[in-house]
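I have placed the structure first, in the form of structure tokens, so that the comments after it can refer back to it.
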Amino acid sequence: MIKQSLDAILTEIVTACARVGRDPRSVTLIGVTKYSTADEVNAAIAAGLTAMAENRVQVAEEKFPLLISSGRCVTRHLIGHLQTNKVKDAVRLFDMIQSVDSLKLAAEIEKRAAAAGKVQAILVQVDIAREEQKFGVAEEDLDALMAYLDGCRHICTQGLMAMAPLTGDAAVVRCVFRRLKSLFDRLKSGRPAMQHLSMGMSSDYAIAIEEGATMVRIGSALFKGAEK
């Protein structure tokens, strides 16, 4: 079942890319494993999943040792809100932290990555939807955060991440994604590491791809669980 779901999603990614003349290889499917067991994640990896994401550091610490790579290189992403007291573990566990949203958090990541002798890949989470229940740096504070990150020796800022508003209106979702793409295009000038735009989940990833997403975060459509 997971293999069938993965194949269907990959087919939809190809179709969405074709609609806007993009190379499907420019889009990475990230399996969101928040509600999935280690066995389900292993099945997805065996079926060809090359990137996975967890929302919480504590869950990753329990689940990651149970995963079988099967000789595959599977990148591990943190997409949930990160508290500063969990940064040390996050730097140890994750290849990329997609939810950097403040100077305070960035400073702690820089400190912990330096201590670990690591350059931590990150994305900056933007509160593009302006919803109270969502995390992310406000657009008006984004330039200051990017300027700080530019000076960090142990952080590699590779792009932006955001979530669309909770709405069934595809036009609203598209407008939000388009706004994030505009910010991304402006900020990547002079920043060669800025290559990734992480937006789109199970309900709206096709729209996200049409609007320029390079990473789509899919949980329920892949694992048939509830994605939040």
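Here, each number is a calculation from the coordinates, and none is a lab measurement. Predicted model only: the values in this text are computed from it and were never measured. Note: ideal-geometry Cβ built from the backbone for every residue, glycine included; neighbour counts use all protein chains shown.
When all C-alpha to C-alpha distances in segment 1-86 are sorted into bins of 5 Å, what percent of pairs does each bin hold, rounded to whole numbers? For segment 1-86, the pair-distance distribution reads 3, 13, 23, 22, 17, 12, 7, 3, 1.
Report the normalised scattering of segment 51-102 as log10 I(q)/I(0) at q = 0.20, 0.29, 0.30 Å⁻¹, calculated by the Debye formula with identical scatterers on the alpha carbons. Computed log10 I(q)/I(0) values: -0.65, -1.25, -1.32.
Applying a length cut-off of 27 Å (Cα extent along the axis) and a mean Kyte-Doolittle floor of 0.5 to the DSSP H helices of the chain leaves no helix. Structure note, pairs Lys111/Lys188; Lys118/Lys224; Lys3/Lys181: Cα-Cα distances above 28 angstrom occur for Lys118/Lys224; Lys3/Lys181. Give the distance, in whole Å, between the Cα centre of segment 1-27 and the Cα centre of segment 29-65. One Cα centre to the other: 20 Å. Once you reduce segment 160-215 and segment 71-136 to the center of their Cα atoms, the two points are 18 Å from each other. Taken about its Cα centre, segment 1-119 carries a charge dipole of about 280 debye when Lys and Arg each add +1 at the Cβ and Asp and Glu each add -1 at the Cβ.
Amide H contacts of Ser99 (H built 1.01 Å from N, in plane; Pro and chain starts excluded): Leu123 sit under 5 Å, all sequence-distant by 5 or more or on other chains. Mean residue ellipticity, 222 nm, helices only, the chain: the sum of -39500 (n - 2.57) across DSSP H runs of n ≥ 4, divided by residue count and rounded to 500, is -12500 deg cm²/dmol.
In segment 48-154, the ratio of gyration radius to Kirkwood radius, Rg to Rh, stands at 0.99 when only Cα atoms are counted.
Sorting the segments 201-207, 94-100, 114-120 by their residues' average number of neighbouring beta-carbon atoms within 10 angstrom, most packed first, yields 94-100, 201-207, 114-120.
Taking one quarter of the surface of the C-alpha convex hull of the chain gives a mean projected area of 12.0 nm². With 0.36 nm allotted per residue and the present C-alpha distance subtracted, the Arg174-Val14 stretch has 55.7 nm of extension available. Is the C-alpha gyration tensor of segment 153-228 telling us rounded, prolate or oblate? Criteria: a/c under 1.5 is rounded; beyond that, a/b larger than b/c is prolate, otherwise oblate. Judged from the Cα gyration tensor, segment 153-228 comes out oblate (a/c at least 1.5, b/c at or above a/b).
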